[in-house]
1. What nm distance separates the two modelled labels at residue B:233 and residue A:464, each placed 7 Å from Cα along Cα→Cβ?
2. For the pair residue A:34 and residue B:26, what calculated FRET efficiency results from E = 1/(1 + (r/R0)^6), where r is the Cβ-Cβ distance and R0 = 56 Å, to the nearest 0.05?
3. As a footprinting exposure proxy, order A:99, A:452, B:131 by other Cβ within 10 Å, with the fewest listed first.
4. I need B:30, B:102, B:51 ordered by Cβ neighbour count within 10 Å, fewest first.
5. Using only alpha carbon pairs under 8 Å that are at least six residues apart, calculate the relative contact order of chain A and give it in whole percent.
6. With only Lys, Arg, Asp and Glu charged, each at its Cβ (+1 for the first two, -1 for the last two), find how big the charge dipole of the stretch B:97-242 is about the Cα centre; round to the nearest 20 debye.
7. Quantify how strongly other chains surround peptide A:260-267 by giving the mean number of their Cβ atoms within 10 Å of each of its Cβ atoms.
8. Could you tell me the calculated FRET efficiency between residue A:438 and residue A:9, based on Cβ-Cβ distance and R0 = 56 angstrom, to the nearest 0.05?
Amino acid sequence: MTALARVISHPPPVPGLAARSPLHGLERRSVGFVDVLAQSVAAVAPSAAATTIPLLVAVVAGGAQIWALVLATALALLVAMNVNQFTKRIAATGSLYTFVSQGLGAGAAFVTGIAMLLGYAFISMFALAGAGYYLAILTHRLWPAGAHSPLGTSVAIAGLAGLVALVLTRGIRLSTRVALVVEAASVAIILVLVGALVAHTGPAVQWSALSLHSATPQNLSVGTVLALTAFVGFESSATLGVEAKRPFATIPRALVWTVVASGVLYLLAAYGQLVGFASLGLDFAGSDSPVNDLANASGLPWMGLLLDLSIAASFLACAIASTTALSRVMFSMGRDGLLPDAFGRTHPVHHTPFFALVVAVPVIAAVPVGCMIAGMGLWDTMEMLIVVAAAGFITAYFMVCAAAPVFLRRIGEHTVGAGAASVITCILLAAVFGVYLVTESTTVRSPGVLLFGAMMVGGVGVYALRLRRNPWLRESIGVHDEPVQHDVLGGAPAESASRAGS
Amino acid sequence: MPAADPRAGREGAASPGAELRARQPKAIHSALTVLEEVARHGAGVTAQEVSDALGIPRATTYRLINLLVQDEYLVRMPDLRGFALGRKVLELAHLVAPAAPSQAVREVVAGLRASIRGGVHLVRYQGDRMFVLDADPDFPLSDTPRILRDLGVSAMGRLLLAESDTSTPPSQGNRDRPLPEDAAQQIGQLTPGYGCLALPIRDDHGDLVAGLCLSAPQQRIEEPGALLVQLRDGAARLAPLLA
């Protein structure tokens, strides 16, 4: 008899397992791969990015924009690889914050945690504002008589925030499904538009798009950084470690698929727009809204309407997914003791982090509305918000890539390959981050850079104070999902034995 | 797509089956070897210990272990270093059905069927699972999937349940009929007016290995009389053939 056959027939007891996970209260192991993928894809909002990022990249990178997008995709894949060292081994709701705590300890986890909160909170604000902005444009298109007022946009944002709160409170399945449907529709519209453009201009491949004649190391790197911001949010399904079924299989796969699919979509969109402009003899980088210009110039004005609808939908899906991730990170911090205990509370019926949502959603809606009331244009506000979010994400990516080999060494599973991937990614990310901050500091978005710096310093200060008052925090942070007795052979009395008595 | 990291693509983007395709037989062999090692060592064994014990390269071992964790055959313990067998390995046991009965066994059962009016069935037990070894073709089992899934509905299942819970003799729940202590009985659970009776077959250590069952109308199950002598004789002759 083999050892395996022996333990199957007479499982020895496995001590040291609890009856429930430290992250109990959420709907454990309830959503499948498609929902997990939808969470990451929606947080990236690829269709909104596909219509805006190629233009931003083209402005700075000129003819090298396709290459900048390719490099950014490669860098995002490298980050995904490092993050997956954790997602294959730890199921958590705190995502990168929890991962870093398992590798580099409490101090580094604080920094990552603040960066993640900034990233998810500001991208939620950005997406909510974007959804409201495009909804207002859409309304204006349909009823040109109606005035374009900040009040109307504010009401739209508040209404969308209410919708987001409702969907998120009602359960993780509903949130991911709504995000999936909305984002899928949005991506389909973009693909139709790109297809229509390419069909309109002729099917011949324009190899000139790959020419490197105008590329310099500097414009290529700035272009890569901007393109990288189009991928942020791909890691957000790592916050579903408790709620996903087979999380160690589905989450790593969702991360990689999201990066690959978004990268392909961006390249298609960039190529389509580039070719479209070239064939019409227009200047791509000089356009305000390239797809709209293309649509009008090609005699396809209906595309503009579809496009605005698609972008509004994509932003809404992004707001849902980013707020989902934000609430899970706050929930994790509540269970860790870093935030007040109430943040670790879940809804008794829907099993969602109710308290975190109640606190987060009003703040997310209030910031863009407040900026508008203070007289800032909504688009300017959004540009500022995205700078803070992107800086937060890149900081967190750097931290998690640095933590990966330390964590692997701690659990005795380090390899040369994993170490090398970490070092390379960290160097690239540090370079990218430096270039990004310097570049953004010279633009009108420089207040965003300052805001990011101030909030990082302030946040870390607050946490340092909290740590001094509660030294036990150093040990308690990093809570992750643990196997419960039922998951393990021999962890709980066999099902048949418990039934025999009845 | 950028070729920066072919490994990320292979591990993540490929369909679950594709990962094994190239060297599938070898990979399955290695995976089972890893499971066997975790079973031998017991819960809490680390990836390095598995690698050292099996002489498989570190990186290969980590990848195998993480694939087994993804499929939940292995479970990573709360300390994140150690591993235990997941409940899912029980599904492996489902795949391993016992071999078909030998000719000697079939002859004993055929003899019983010739002399008894009613269905005579033979089942085998492995761990907490039951397998139908030889079902009476003239009196088919009424609902085989349900009998195998829910051990409480049949006499043969109740025999196994009683084995894992020594506090309850199998005859408990039987009516006050002249039934031996070790037999199990069921009436009307599957078909109204019918029932079944099961006698244990044990090896020389006393472990339950098989069950001999009679299914018949209710009255003959409640008062088996001489049938019981025939069945017990059959069970005694089957024991050395099945143990």
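The numbers here are math on the coordinates, done by the rules we state, and not lab data. Note that the structure is a prediction, hence the values are computed from the model and not measured. Every residue, glycine among them, receives a Cβ derived from its backbone with ideal geometry; neighbour counts consider all protein chains shown.
1. The answer from the label model is 9.2 nm.
2. 0.95
3. Ranking A:99, A:452, B:131 by Cβ neighbours within 10 Å, fewest first, gives B:131, A:452, A:99.
4. B:102, B:30, B:51
5. 35 percent
6. My answer is approximately 300 debye.
7. Counting Cβ atoms of other protein chains within 10 Å of each residue's Cβ and averaging gives 1.
8. 0.30
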